[in-house]
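Here's a structure for you.
The values are calculated or read from the model by the stated rules, or taken from the named source; none is laboratory data. Every value quoted in this text rests on a predicted model; they were computed, and no experiment measured them. Positions of Cβ are backbone-derived with ideal geometry, glycine not excepted, and every protein chain shown enters the neighbour counts. Quick note on the areas: whole protein, heavy atoms, side chains included, nothing else; ligands and nucleic acids left out. Shrake-Rupley method; radii C 1.70, N 1.55, O 1.52, S 1.80 Å.
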Amino acid sequence: MKKRKMIMIISILFMAIGFASVSAVLYLNGQIGIVGNTGDFDVYFSRVFENDVENNSLIQDKTHITFTTELHEIGEEYKLKYEVTNSSTHYDANIMMNCVGSNDYLRVSNDFDLTEVLPARKKREGILTLSMIKSPLEEISIEIICEITGNAVEREKINASEISGEYYTESILNGTDPVLKDELIPITITNDGTVTYANISKKWYSYENKEWANAVILKDGITHHVGDIIPEEDIESYFVWVPKYKYQLFDMGVYTDYINNNPPEAPKEIQIEFTLNETENTNTSCVSPKVAGESGTCEVGKWMTHPA
């Protein structure tokens, strides 16, 4: 019996985070020491996908990803997509990476943007690809090591909305948490319309309970602080955070059953999930609504990421 050619890869992807300390001295009628807030620097693996299937159990202590896979034929590939998060408030992260393990049988490539710093409060995705380029005569084991090092980079500006403490986040949003740009003031709005300057380190929205994250821009020259009630005459404009989401297809026609039946006998609740990932369980070539008979990969029950 001819022996099957096979290669087994036991791969370990890990990340070690370094820190470049920041220090300065300010002289003002005496000496005041200013040092970097090293406890604020936090860069870690936040999500992992094996062949587009999320499997965060591979993350160890947020700084290591450990996995095992097998390749059997020349040209066969294994892809591991991962997400790196910089949850720091005061520091951007300069990322460096080095992968060791390429050999006569295996090509290793790691696609991760190293040309730009990873800004504070931002995420970035990378893809590790293992490709079999030569078939061994017998089963062998190879270890792959990729080291990611992140050094802190001083920020020239920190928005006022970022210095009240850690952001309040919700697991239901899957990383699509509100982002407050310059001049946006986080607020809560009661049923009677009272607008209050929200503390973003505490619960100020609940998407599970349909209590949206709202914000305002104040008129020129107007300032308020956390906890203040903001009168209508101080507000220039209102905003609401719409998280990126995917939705489940429930009809492959033009939805005439739902449109023409007015009112519908059975109103349809569209199932949605919040997600930053553009392709997870999603048919990106699907155009919705889809006319019956058109070519494509749309199917009832499949998910589509909203294009906005």
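With the contact rule set at Cα under 8 Å and sequence spacing of 6 or more, what percent relative contact order holds for segment 72-224?
Working: 248 pairs, mean separation 34.1, N = 153.
Relative contact order here is 22 percent.
Next question. Between Lys134 and Lys244, what is the label-point separation in nm under the 7 Å Cα-to-beta-carbon projection?
4.0
R0 = 25 Å: FRET efficiency of Ile127 with Lys181, Cβ-based, nearest 0.05?
Working: r = 29 Å, r/R0 = 1.15.
So the FRET efficiency works out to roughly 0.30.
Ok, one more. Fully extended, how many nm does the chain gain between Lys79 and Lys202 (0.36 nm per residue separation, minus their Cα-Cα distance)? Provide the component values of the computation, followed by the final result.
Values: separation 123, 0.36 × 123 = 44.28 nm, distance 3.80 nm.
Length gained, Lys79 through Lys202: 40.5 nm.
Would you rank Arg124, Arg107, Arg155 by solvent-accessible area, highest first, keeping every protein chain in place and using a 1.4 Å probe? Write down the numbers at each step before the final one.
Values: Arg124 40, Arg107 130, Arg155 60 Å².
Result, largest first: Arg107, Arg155, Arg124.
Probe 1.4 Å, all protein chains in place: accessible area of Glu143 in Å², nearest 10?
110
Hey, got a sec? Which trypsin sites (Lys or Arg not before Pro) in segment 206-249 land in a DSSP loop and have at most 15 other Cβ atoms within 10 Å?
Values: sites: Lys210, Lys219, Lys244, Lys246; in loops: Lys210, Lys219, Lys244.
Qualifying residues, ordered by number: Lys210, Lys219.
Can I ask one more? Given Lys62/Lys210; Lys81/Lys302; Lys210/Lys246, which pairs have Cα atoms separated by over 26 Å?
On the way: Lys62/Lys210 31 Å; Lys81/Lys302 21 Å; Lys210/Lys246 17 Å.
Exceeds cut-off: Lys62/Lys210.
Give me the number: length gained by fully extending Glu269 to Lys302, i.e. 0.36 nm times residue separation minus the C-alpha to C-alpha distance, one decimal in nm. All intermediate terms of the calculation are to be shown ahead of the outcome.
Numbers: separation 33, 0.36 × 33 = 11.88 nm, distance 1.53 nm.
Residue separation times 0.36 nm, minus the Cα-Cα distance, leaves 10.4 nm.
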